[in-house]
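Colleague: Take a look at the following structure, please.
The values are calculated or read from the model by the stated rules, or taken from the named source; none is laboratory data. Everything numeric in this text was worked out from a predicted model, so none of it was measured. In this analysis, Cβ positions are derived from the backbone assuming ideal geometry, glycine residues included, and neighbour counts consider all displayed protein chains.
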Amino acid sequence: MRKILVVVDMQNDFIDGALGTKEAQAVVGPVMEKIRLYPAKDVVYTMDTHGEDYLDTQEGKNLPVTHCVRGTGGWQVRPEIAQLLAGAKAYEKPTFGSVALAEDLKAMAEETQDGIEIELVGLCTDICVVSNALLLKAYMPQVHIAVDASCCAGVTPEKHHAALETMRSCQVEVRGAE
């Protein structure tokens, strides 16, 4: 069974930038440790990617904090994590979930004789992590999907826990400390 790690949005704006939190800062080390457990060929990552017109988008009207604008420092993956992701496939996404990621992993699952398992880590548990986990589950209902709670942080601790419960309800395994 091939095990794939999806690293979600470990970008500066979500760690200590425009939307950063102390909880997000605290998971940088654990995420790095998790990445090191996987062969480089089995790690992919997502990047929240917006344009200068972000505040004019539906998301921007509901979350009026400019963040992850392509080419800015806040859009960049945290440098020490980016080093570990060198050579990994990146999925830039203009919204919470990545359809391209789901399509690629579904194709991989179909092509891999023994199948795949998927584990997600990253930010924010209650927005992009849960969105990608549920999108992957919808694309591949028979594939085992897990999230490591100790390598995730939400917008608030309460929203982090609520997202973990939502994922549990949708048959995504929740691992790690909560």
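Yes/no per residue for (1) surrounded by fewer than 24 Cβ atoms within 10 Å (Cβ to Cβ); (2) closer than 14 Å to VAL44 by Cβ; (3) touching a Phe, Trp or Tyr at 6+ places or on another chain (Cβ under 9 Å):
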residue	(1), (2), (3)
GLU110	yes, no, no
GLY115	yes, no, no
ILE118	no, yes, no
LEU123	no, no, yes
ILE127	yes, no, yes
TYR139	yes, no, no
HIS144	yes, no, no
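Colleague: Applying the selection to the stretch 113-170, what residues are part of a loop (DSSP other than H, G, I, E, B) and on the phi < 0 side of the Ramachandran plot?
Modeller: The answer is GLN113, ASP114, CYS124, MET140, PRO141, GLN142, VAL143, GLY154, VAL155, THR156, CYS170.
Colleague: Okay, next question. Restricting the first residue to the stretch 12-30 and requiring it to be closer than 20 Å to GLY60 by Cβ and among the aromatic types (Phe, Trp, Tyr), which pairs with a second residue that is part of a helix (DSSP H, G or I) and modelled with pLDDT of 95 or more meet a Cβ separation below 7 Å and a spacing of at least six or different chains?
Modeller: Cβ pairs passing all conditions: PHE14/ALA24.
Colleague: Take the residues in the stretch 6-60 that are hydroxyl-bearing (Ser, Thr, Tyr) and closer than 12 Å to GLY122 by Cα; name whichever of them is surrounded by the fewest Cβ atoms within 10 Å (Cβ to Cβ).
Modeller: TYR45
Colleague: Residues of the stretch 87-123 being more than 27 Å from GLN76 (Cα to Cα) and among the hydroxyl-bearing types (Ser, Thr, Tyr), which ones?
Modeller: THR112
Colleague: Among the residues of the stretch 50-89, which ones are small (Gly, Ala, Ser) and over 11 Å from GLN11 (Cβ atoms)?
Modeller: The answer is GLY51, GLY60, GLY71, ALA86, GLY87, ALA88.
Colleague: Further question on the same structure: What single numbered condition from (1) surrounded by 16 or more Cβ atoms within 10 Å (Cβ to Cβ); (2) touching a strand residue (DSSP E or B) at 6+ places or on another chain (Cβ under 9 Å) fails to hold for PRO94?
Modeller: (1)
Colleague: Consider LYS3 against the criteria (1) buried (at least 19 other Cβ atoms within 10 Å of the Cβ); (2) touching a residue at least 60 places away in the same chain (Cβ under 8 Å): it satisfies all of them except one. Which criterion is unmet?
Modeller: LYS3 satisfies all of (1) buried (at least 19 other Cβ atoms within 10 Å of the Cβ); (2) touching a residue at least 60 places away in the same chain (Cβ under 8 Å) except (1).
Colleague: Let me ask something additional. Which numbered condition trips up VAL99, out of (1) surrounded by fewer than 24 Cβ atoms within 10 Å (Cβ to Cβ); (2) hydrophobic (A, V, I, L, M, F, W, C); (3) under 20 Å from ILE81 (Cβ atoms)?
Modeller: (3)
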